[in-house]
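Q: Handing you a structure now.
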Amino acid sequence: MITGIDGKIEYVNQRFTETTGYSYKEVLGKNPRILNSGNQSIGFYKDLWETVLSGKEWAGEIMNRKKNGDLYWENAMISPMVNEAGQITHLVSIKEDITEKTPYA
């Protein structure tokens, strides 16, 4: 997934659509919070955003919700992309569905 620094989704790949059940058109321009399961605290997301917007990489596990309501666990890495001036322009998320690998399932 690629978002702008405003959090709006600009790109998702085919694997994202297969995992979440959302089509590319359904998520384009939306905030990734559409996947929010409600199982992480506000502080969890505050820490995530503060980390990436400060120019650092964030990594961790997140429980998300598919379009059909099913919950799933992801291992996520979110990295800021910067332009020539060093300004953050986008955030890139690389995620892996770890539902079957986790003891939480």
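The values are calculated or read from the model by the stated rules, or taken from the named source; none is laboratory data. Note that this is a predicted model, so its numbers are computed, not measured. Glycine also receives a Cβ, built like all others from the backbone with ideal geometry; neighbour counts cover every protein chain displayed. Calculation scope for accessible area: heavy atoms of the full protein, side chains included, ligands and nucleic acids excluded. Shrake-Rupley method; radii C 1.70, N 1.55, O 1.52, S 1.80 Å.
Residues checked against (1) crowded, with 16+ Cβ neighbours inside 10 Å; (2) part of a loop (DSSP other than H, G, I, E, B); (3) more than 12 Å from the chain's Cα centre (by Cα); (4) of a type outside the set (Val, Ile, Thr):
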{"residue": "45", "(1), (2), (3), (4)": "no, no, no, yes"}
{"residue": "48", "(1), (2), (3), (4)": "yes, no, no, yes"}
{"residue": "56", "(1), (2), (3), (4)": "no, yes, yes, yes"}
{"residue": "59", "(1), (2), (3), (4)": "no, no, no, yes"}
{"residue": "94", "(1), (2), (3), (4)": "no, no, no, no"}
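Q: Next question. Here's a check for you: in region 1-35, which residue that is more than 14 Å from residue 97 (Cα to Cα) and of a type in the set (D, E, K, R) is least open to solvent (accessible area, probe 1.4 Å)?
A: Among residues in region 1-35 that are more than 14 Å from residue 97 (Cα to Cα) and of a type in the set (D, E, K, R), the one least open to solvent (accessible area, probe 1.4 Å) is 26.
Q: Given the residues 70, 47, 97, which is the only one that is farther than 15 Å from residue 3 by Cβ and in contact (Cβ under 8 Å) with a residue 60 or more places away in the chain?
A: Values: 70 fails: in contact (Cβ under 8 Å) with a residue 60 or more places away in the chain; 47 fails: in contact (Cβ under 8 Å) with a residue 60 or more places away in the chain.
The conditions single out 97.
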